[in-house]
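Accompanying notes for the structure given below.
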Amino acid sequence: MKKSARIVGIYKYLWCLVLFFLLSRAKPVDGTFGVAISLYVALVTCGLNVWALSPTYIAGCMLADPTLAGIVYALSPVVVTIVWHLISKKLKKRTGLLACNICAFVALVPMIVVDSYRLNPFAPIVALVVAQTVTYFVSDFLRAYLLKGNSHRFSVNESVGGVVLTVMLSWGLSTLNLWGFRPYYAVMGAVIGYAVSKTNPVGAVTGGFAVAMGGALGGQGLELVGSVLAVILAGEIFVRYNKWLSGASMIMVFVATNVYFNYYGEMDYIALISFGAGMGLWTILPAKLTDRLPDYKRDDAGETAKNMLVQTRNDLADRLGQISGVFYCMADAYCKFSETLPDPDKAEVVIATELMNTTCKNCVKREECIKALGKEPSSMFQGLVASCLSTGKASLVDLPNFINSRCIKIPQLLSGCNYLAGSYLSRLKAKESYSKDQQLMASQLAGVGSALTEIGEELKDVRCLEGKIEKELIEALGYENIICTQALAVGGKNGIGWSIVIRKEDVDNPRLLEVASKVAGNKLTLVGEVNYTDNNKAHLNLAPASKYELSYGFSGQVKESSAASGDIVKVMRIRNNKALIALCDGMGSGSDAQTASARAIDMVGGYYQAGFDNPRALSLINKLLAVTSEDNFCALDMCVVDLDSGACDFIKLGGVESYIRRDVGVQVLSAAALPLGIVEEATPKIDRQMLGVGDMAVLVSDGISDALGVAGLKLILDKIGSLNPQTVCNEVLAQAKNIGLKDDASVVAFRLFSA
């Protein structure tokens, strides 16, 4: 493989030698320097090895002009460019287009001095202006070409650069005359054949014009431009039918136009033969060979693919919504809401909680209400629910003053209360007729329907953006020498993300995320794995980064004489920029307790990762464990943290107290609710808290809590000044061991930091 790579490198620099030779012969004024320096400086700027490129440049220039002046033309730019390259490398500065032109200008100074003594003083100035102009456009084009590969979405400046380079190469080629044979015409025939066959009409006309203009500047006459345009027109007419017919028509039109213009005369019929040979060679090439060449005939399918992606995504979202409806209907058949049908003495609390989840979930004033009440709004709904259960209908007179004065969703609140209470009353009588497995099935089906609905809404929220921002990203990365061949911008509620294809060696470039974030207008992070392809490319996805990231620590011990700990800890990233921190304490110690905890914690992680909300997920897990467990109950203590807002739901089913160490002291979150799996209708205790960057949350198992007590833990956490969660965990466990801890024990601590 190294040998083949070496051979490819040799061919690349041999092609550079040919290009330098041709451009050295493209002289704006007879006797002055050519424009090979423009290509040389541009290629160095684009990252080619200056030590390998310089000898080819010198050789190409000296082959074109083997005189003393030619030696100066060859050596002067190399010395200046190498010095400039070494300085840039030492300063670790990337070279832009302006620096490229400055380098070219400095390199041209010795040439101007030499030509001022030999030629008209204005001649080198004209040559300098031409060389600087060519340098600017060629540098812009080469950056874009190496950046985009075979992509043809070039800007105006980049397209002009490609035309300028083609004109200059054609100019140099047209000056060659090998014993009456002009290779320019043979090359022109092959190039026009390629342009007509493999590009669209605009590309064919542009390419043909550039080749013809180069020949015209080289002394072949402007009539050649008109002749070439007529040839391309003939080729475009017949290319759709047959390439042989197209090639023959182009040869005949070329001969006819030039004979009519009396352009060649008796001595230049070799040019006509050369053109025919070039065109004929392209025509007879086998399809297996021509198909491997870049094809620009197809229009850019980017917008078409993007529209198809949008349509497919919307169709998928609609299908998910329809499937969700099917699951809800199936859940109705198994007694929908069976999981929210507790005993009558608990109905007010459960329905009030469900009412809050449906009405206040997306309310913009929810956090304001929580702050004013000091607790969740569900407590204010219980009186309303009680009145509705007793009278059969809720009205405005049943609302507390707090709700009447603040709530912006009173109509939805009343209708939701009537619906939930009515459903409860109508199904309460039928509940006993359904067995446990039917109720469990109903819960699962309703949960799946809810998750599918949420996924469908998320799909609809994602949108593909216009191509302008994608071009902006490709160009911005190009200025950092990060080669991006494809980019797709995707917008959502959290900002703009990217799906991009870059070179393998650019994956670890620290500027990648910085530039992509700047163009997107929001901070980005890499999501998922990088997919590498066989053609030295890498595909990666960048998504809007969350406002906060999570740092956590864990310490624990196994009870003496026990084979395994019943405590299981799980920390994972879940959907919508949220994190889950869970501590599950199985009953007792040993392998049975560990198995029960592991099963419960795996269910928790799976349900949350699938998109189930807090009450539904825990209700389903609890119901399933109640049906399947054999007296192996688990205490669950967990947190769901929103990494965008800092909101944290502390959720407990049988867990002990949790703690938040703030700047003003240690806050204790009380424990409540039965453990997982004891009864089917256990209701988790959910306590929402806002966490700041300086706050640290601590979860402990009953082993730690029994050893240190609430007061002891508060004192220890208040005294530990470290911001490292692992240090806090180690210290808490060490203090518990000092007191004589012998049971299974676990402590988890976490804090947020700015991303």
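The values are calculated or read from the model by the stated rules, or taken from the named source; none is laboratory data. These figures come from a predicted structure and were not determined experimentally. Neighbour counts are summed over all protein chains in view; Cβ atoms, including those assigned to glycine, are modelled from backbone coordinates with ideal geometry.
Looking across A745, A707, one residue alone is buried (at least 21 other Cβ atoms within 10 Å of the Cβ), in contact with a Leu (Cβ under 6 Å, 6 or more places away or on another chain) and assigned by TED's automatic domain parsing to the domain that holds L643. It is A707. Regarding F381, is this residue out of contact with any Lys or Arg (no Cβ under 8 Å at 6 or more places or on another chain), at pLDDT 75 or above, surrounded by fewer than 17 Cβ atoms within 10 Å (Cβ to Cβ) and within 30 Å of M690 (Cα to Cα)? When the stated conditions are applied, F381 does not pass them.
State all residues of region 187-209 that are under 13 Å from L169 (Cβ atoms), within 39 Å of the chain's Cα centre (by Cα) and surrounded by fewer than 22 Cβ atoms within 10 Å (Cβ to Cβ); if no residue qualifies, say none. Outline the logic, then answer.
Just the residues of region 187-209 that are under 13 Å from L169 (Cβ atoms), to begin with: 187-188, 191, 207.
Then drop every residue that is not within 39 Å of the chain's Cα centre (by Cα), which leaves 191, 207.
Residue satisfying the conditions is V191 alone.
Checked against (1) closer than 23 Å to I574 by Cα; (2) not in a strand (DSSP E or B), L542 passes all but a single condition, namely (2).
Just to be sure before I move on: is I660 within 21 Å of G556 (Cα to Cα), at pLDDT 85 or above, more than 40 Å from the chain's Cα centre (by Cα) and crowded, with 18+ Cβ neighbours inside 10 Å in the structure I sent?
On the way: within 21 Å of G556 (Cα to Cα): yes; at pLDDT 85 or above: yes; more than 40 Å from the chain's Cα centre (by Cα): no; crowded, with 18+ Cβ neighbours inside 10 Å: yes.
No, not satisfied.
Condition check: surrounded by fewer than 20 Cβ atoms within 10 Å (Cβ to Cβ) and either outside any strand (DSSP E or B) or at pLDDT below 60 (or both). Does D631 satisfy that? In short, yes. Taken over region 344-381, the criterion of being over 17 Å from P411 (Cβ atoms) and outside any helix (DSSP H, G or I) is satisfied by G374, K375, E376.
With respect to (1) surrounded by 20 or more Cβ atoms within 10 Å (Cβ to Cβ); (2) modelled with pLDDT of 75 or more, the lone exception for K365 is condition (1). Can you name every residue in region 33-86 that is touching a Lys or Arg at 6+ places or on another chain (Cβ under 7 Å) and at pLDDT 80 or above? A64, the sole residue that qualifies.
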